[in-house]
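*Asks:* Pasting in a structure now, in structure tokens, and then I'll have a few things to ask.
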Amino acid sequence: MEAMPCQNQRLGPRPQDEPPAAATATASGGSRLIRFAEPSEDSGCPSPDSSSSSSNGVVAAAPIPVGEGGAPAIGPQLKLLPMNDQLRELQTIIRDKKSSRGDFVFSADRLIRLVVEEGLNQLPYTECTVTTPTGHKYEGVRFEKGNCGVSIMRSGEAMEQGLRDCCRSIRIGKILIQSDEETQRAKVYYAKFPPDIYRRKVLLMYPILSTGNTVIEAVKVLVEHGVQPSVIILLSLFSTPHGAKSIIQEFPEITILTTEVHPVAPTHFGQKYFGTD
């Protein structure tokens, strides 16, 4: 099955609204538009790059290298959902600190569903022929069996229902990884998988990739249980360039699917989704 192409994500307004002054040059000679405005003093969030501000108060985030086709130059293992206005609105609501929890959860669930659907689209299928109610033959496809999901607790659990909505009988394992209080290193506290996970393709769910350390530890646990990195598809909503690059450097055969790669990740996701913020 042909893999979803990595497409460049527009970070600014539509072409007819584009202000020339808001664009910055990229490595490929094109232009990258600015998404984040400078935070106010009480926002508690530092500017991505306080040294590069324009006259209209908008600051540019650290530039992300751009490769062929406009995709972030991290590697072919990283796949981005094609950007459109619907996706941008969902990302905006999730990032907006003024969003109510109801709007946040609703938008997050919609975004999760889009990522899960595309994740399923990366799985192998076989061709088949079925008979329609009118007696005609239809040449179609059927996904192969032998898949499972694994959520990295706690924020990864937010994606479980989206996967179950698409695959009613899919088996889902769990991994609990937390930072050690003394060393600040990711430590595995709990792991439970289907007994035959080594024969399955794994949809690993973790919504926010910041440093990538948690996912790296989770993949190590899966490898210890006989899962090859080449059959792991990491489903994520947002990723930083550092997080995606760290994971790919550690496991070059893994596939990462996300909606956005940006230096500023919405790390408040888990707390706001579960109402513990």
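*Asks:* Students often get this wrong, so check it: of LYS79/LYS220; LYS220/LYS272; LYS187/LYS220; LYS79/LYS174; LYS220/LYS245; LYS192/LYS272, which have C-alpha atoms separated by over 18 Å?
*Replies:* With Cα atoms farther than 18 Å apart: LYS79/LYS220; LYS220/LYS272; LYS79/LYS174; LYS192/LYS272.
*Asks:* Taking N as the number of residues in the range 101-229, what value does Rg over Cα atoms divided by 2.2 N^0.38 Å take?
*Replies:* After normalising by residue count via 2.2 N^0.38 Å, the value is 1.26.
*Asks:* Provide the packing ranking of 157-165, 138-146, i.e. peptides ordered by the mean count of other C-beta atoms within 10 Å per residue, highest first.
*Replies:* 157-165, 138-146
*Asks:* If I stretch the segment between VAL141 and ASP96 completely, what's the gain in nm (0.36 nm per residue apart, minus their alpha carbon distance), one decimal?
*Replies:* Full extension of this stretch gives 12.2 nm more.
*Asks:* What's the FRET efficiency of TYR125 with GLN86 using the Cβ-Cβ distance as r and R₀ = 22 Å, to the nearest 0.05?
*Replies:* The pair TYR125/GLN86 has a calculated efficiency of 0.25.
*Asks:* Can you give the FRET efficiency to the nearest 0.05 for LEU114 and ASP277, using r as the Cβ-Cβ distance and R₀ = 22 Å?
*Replies:* 0.40
*Asks:* Over the range 78-274, calculate the relative contact order: mean separation of alpha carbon pairs under 8 Å at least 6 apart, over the residue count, as a percent.
*Replies:* Averaging sequence separation for qualifying contacts and normalising by length gives 23 percent for the range 78-274.
Read-outs: derived from the displayed coordinates by stated rules, not from any lab. This structure is a prediction, so every number in the text was calculated from the model and none was measured. In this analysis, Cβ positions are derived from the backbone assuming ideal geometry, glycine residues included, and neighbour counts consider all displayed protein chains.
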